[in-house]
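What follows is a short report on a single structure.
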Amino acid sequence: MRAEAKPRNLGYTSDRLDFHTDLPYMHEQPGVQALLCQVQASGPGGDSLFADGFSAAEHIRRSRPDLFRLLTTVPVRFRDRGQLADRRFDLVATHATIELDCQPDGEWCYRRVHFSNQQRDLLQAWPLADVQLIYDALKAFNDVIEGRDISSDSSKVQLQVKLRSGEMALFDNSRLLHSRTGFSGERQLAGAYLLWDEVLSRRRTLESQLQIGRQD
């Protein structure tokens, strides 16, 4: 991933990127994302930022339960289409911004965040009377993760780091949103995705080989 003369999306520019989760336009999204810094910009900029989507959601649940209800129930359509080499693609999926998981005892927990201003589709099947409230809810969530909500403590939500060449960020794409500050000069990252099933399977096999006592 580096700045290109004819970029196919904002990730291939040197501009600032807004906070987002990757691949919201897919029904089945990899849970783990890896970003390897191969070349870092020598001047200012190029920092990686991460925001805890679950903490942001919890802040909205406590401060604006009406908006939280919309974020957890209103379906949002995401889309990405284009061409890679000689293959065209058109990926579409619909998710609530904040996905909850019901437990057997009737309690619930946060399951996943689906958020990307860049890849939210222009066409949404929302009732006309609710459109303004839905955008208010999306803006409230965006303000918390961007640190613009003065009622929330951004230090509890955000982490900013400038990766050095050879360093890798490995994070949960179902919970953490990520962004980037703008930069000049050369900067190149390589990205990859893993399923949680693969990660946990590998952990269990290593624990067995090393005779570490976890049994889950």
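The values are calculated or read from the model by the stated rules, or taken from the named source; none is laboratory data. This one's a predicted model, so the numbers in the text were calculated from it and none came from an experiment. Cβ atoms come from the backbone with ideal geometry, glycine included; neighbour counts cover every protein chain shown.
Conditions: (1) farther than 17 Å from Ser63 by Cβ; (2) of a type in the set (D, E, K, R); (3) surrounded by 13 or more Cβ atoms within 10 Å (Cβ to Cβ); (4) out of contact with any Asp or Glu (no Cβ under 8 Å at 6 or more places or on another chain). Asp136 meets all but one. Number of the miss?
The single condition Asp136 does not satisfy is (1).
Determine the pairs where a residue that is within 17 Å of Gln38 (Cα to Cα) and among the aromatic types (Phe, Trp, Tyr), located within the range 183-208, has a partner that is modelled with pLDDT under 95 and part of a helix (DSSP H, G or I) with Cβ atoms under 9 Å apart, the partner being 6 or more residues away or on another chain.
Between residues of the range 183-208 that are within 17 Å of Gln38 (Cα to Cα) and among the aromatic types (Phe, Trp, Tyr) and residues that are modelled with pLDDT under 95 and part of a helix (DSSP H, G or I), there is no close pair.
Just to be sure before I move on: is Phe89 under 30 Å from Tyr12 (Cβ atoms), aromatic (Phe, Trp, Tyr) and more than 20 Å from the chain's Cα centre (by Cα) in the structure I sent?
In short, yes.
Can you tell me which residues in the range 84-108 are in a strand (DSSP E or B), over 20 Å from Thr21 (Cα atoms) and touching a strand residue (DSSP E or B) at 6+ places or on another chain (Cβ under 7 Å)?
Scanning the range 84-108 gives Cys102, Trp108.
Filter the range 110-132 down to residues that are free of Cβ contacts under 8 Å to residues at least 24 places away in the same chain and either surrounded by fewer than 11 Cβ atoms within 10 Å (Cβ to Cβ) or in contact with a helix residue (DSSP H, G or I) (Cβ under 8 Å, 6 or more places away or on another chain) (or both), then give me how many there are.
Total satisfying the criteria: 5.
Tell me which residues, restricted to the range 159-216, are of a type in the set (A, V, I, L, M), modelled with pLDDT of 90 or more and farther than 30 Å from Gly43 by Cβ.
Answer for the range 159-216, where residues must be of a type in the set (A, V, I, L, M), modelled with pLDDT of 90 or more and farther than 30 Å from Gly43 by Cβ: Leu194, Leu195, Val199, Leu200, Leu206, Leu210.
Among the residues of the range 11-20, are any within 14 Å of Arg175 (Cα to Cα), touching a helix residue (DSSP H, G or I) at 6+ places or on another chain (Cβ under 7 Å) and in a loop (DSSP other than H, G, I, E, B)?
No, that holds for no residue.
Within the group Glu207, Glu167, Glu146, Glu107, which residue is charged (D, E, K, R) and loosely packed, with under 10 Cβ neighbours inside 10 Å?
The unique qualifying residue is Glu107.
Going by what's in this entry, would Val92 be described as within 30 Å of Ala129 (Cβ to Cβ) and surrounded by 19 or more Cβ atoms within 10 Å (Cβ to Cβ)?
No; evaluated as a whole, the condition is false for this residue.
Do we have any residue at all in the range 131-145 that's at pLDDT 95 or above and assigned to a loop (DSSP other than H, G, I, E, B)?
Checked the range 131-145: no residue is at pLDDT 95 or above and assigned to a loop (DSSP other than H, G, I, E, B).
Being basic (Lys, Arg) and over 19 Å from Arg111 (Cβ atoms) is the filter here, so list the residues in the range 63-76 that pass it.
Arg64
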